[in-house]
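Below is one structure, written out as structure tokens; the observations come after it.
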Amino acid sequence: QVQLVESGGGLVQAGGSLRLSCSASRNFFSFNDMGWSRQAPGKQRELVASITSGGNTNYADSVEGRFTISRDKIKNMLYLQMNSLKPGDTAVYYCNARQYAVVYWGQGTQVTVSS
């Protein structure tokens, strides 16, 4: 069983920044890709950023240019740097990791952006 633990969420004013972190109980080399998703109240969960085992990144249009996904394979850590935050970014953010057909999820961390 893989455990993913997110941290770094909190309350921030619009225009501010936060950095989310995700630690994994398994070596990153076992994952095909990893990512960050978010779910706002009353909305479906959406993928906001992903990174493949080869290091290719992909972003949702809504966060392109503002969010940056990165990883530290030695420390088994995944990060999401979020800049120029907007109230619309308010959501619970989840770390996820895929190993073939199996997707693992963390418990989530709340991000609240005030206007």
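The values are calculated or read from the model by the stated rules, or taken from the named source; none is laboratory data. Just so it is clear, the model here is predicted, and its values are computed rather than measured. FYI the Cβ positions are ideal-geometry reconstructions off the backbone, even for glycines, and counts take in every protein chain you see. Areas reflect the complete protein model, heavy atoms only, side chains present, ligands, DNA and RNA absent. Shrake-Rupley method; radii C 1.70, N 1.55, O 1.52, S 1.80 Å.
List of remarks:
- Spans of strands (runs of 3 or more DSSP E) in the range 36-115 with at least 1 residues among the aliphatic types (A, V, I, L, M), closer than 14 Å to GLY9 by Cβ and open to solvent by less than 20 Å² (accessible area, probe 1.4 Å): 46-52, 77-82, 91-99, 109-114
- All positions within the range 14-35 that are outside any loop (DSSP other than H, G, I, E, B), open to solvent by 60 Å² or more (accessible area, probe 1.4 Å) and either small (Gly, Ala, Ser) or in contact (Cβ under 8 Å) with a residue 60 or more places away in the chain (or both): ARG19
- Only one of the listed residues (VAL63, VAL12) is more than 21 Å from VAL102 (Cβ to Cβ), more than 16 Å from the chain's Cα centre (by Cα) and at pLDDT 95 or above. That residue is VAL12.
- Any chance VAL5 is out of contact with any helix residue (DSSP H, G or I) (no Cβ under 8 Å at 6 or more places or on another chain) and hydrophobic (A, V, I, L, M, F, W, C): yes
- Positions within the range 9-65 being over 13 Å from THR90 (Cα atoms) and of a type in the set (Ser, Thr, Tyr), in sequence order: SER21, SER23, SER25, SER30, SER50, THR52, SER53, THR57, TYR59
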